[in-house]
1. Could you tell me whether any residue of the stretch 121-138 is within 20 Å of G17 (Cα to Cα), free of Cβ contacts under 8 Å to residues at least 60 places away in the same chain and of a type in the set (G, A, S)?
2. Can you name the condition, by its number, that A92 falls short on among (1) surrounded by 14 or more Cβ atoms within 10 Å (Cβ to Cβ); (2) more than 20 Å from I32 (Cβ to Cβ)?
3. Taking the stretch 121-160 as the region of interest, how many residues are under 15 Å from M98 (Cα atoms) and of a type in the set (A, V, I, L, M, F, W, C)?
4. Select from the stretch 102-141 the residues that are in contact with a helix residue (DSSP H, G or I) (Cβ under 6 Å, 6 or more places away or on another chain) and in a strand (DSSP E or B) and write down the one among them that is farthest from G73 (Cα to Cα).
5. Hey, among the residues in the stretch 145-160 that are outside any strand (DSSP E or B) and in contact with a helix residue (DSSP H, G or I) (Cβ under 9 Å, 6 or more places away or on another chain), which one's modelled with the highest pLDDT?
6. Going through L27, L44 one at a time, which residue ends up being crowded, with 19+ Cβ neighbours inside 10 Å and at pLDDT 95 or above?
7. Can you confirm whether G106 is out of contact with any Cys (no Cβ under 8 Å at 6 or more places or on another chain) and at pLDDT below 90?
8. With aliphatic (A, V, I, L, M) and in contact (Cβ under 8 Å) with a residue 60 or more places away in the chain as the only criterion, which of L101, L44 stands out?
Amino acid sequence: MAVAADDQVLEIGCGRGAAVSLVAGALTTGRIVAIDRAATMVRLATQRNLGHISAGRAEIRRAGFESADLPTGHFTKVFAVNVSLFWLGDAAQQIARMRSLLAPGGRLYVFGERPTAVHAIANVTATTQLLDTHGFSTTTSSTTRGQGRVLTCVTGTPVR
């Protein structure tokens, strides 16, 4: 994602907060807001990132994406890791909301980690089609990690 020091970042589905740590570590004047539906995940992510929270670089909230109180047109980067809404069911409303949250020039990053290349290709194909259908231009990248797992990223830029 090439996080800049002043980026305003939103993570959808932060889990235990590993990505929050990585992003917040690159920020100086920027900030990451991370949301997750699960109270346990929010607690674990908060514990993991207390230093970043205290420094004002991170905020972790318990909220579903649909109901989270988030500022329109604010985020330079919005990302999600292994969040199923991108490849299961109709996500039109969620994609429209993500688009509305992006600042001009902002980007959406959809990461997925799958056990095989076949699963990864299916994931990238579904995500790319979804974003293309909803007015994003897309690029993709992938890398193979330990035990043959494939990490993919579909980057979406709104076509305005």
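1. no
2. (1)
3. 5
4. The selected residue is R114.
5. R149
6. L27
7. no
8. None of the others qualify; the one that does is L101.
The values are calculated or read from the model by the stated rules, or taken from the named source; none is laboratory data. All values derive from a computational prediction rather than experimental measurement. Heads up, the Cβs are rebuilt from the backbone with ideal geometry, glycines too, and the neighbour counts pull from every protein chain shown.
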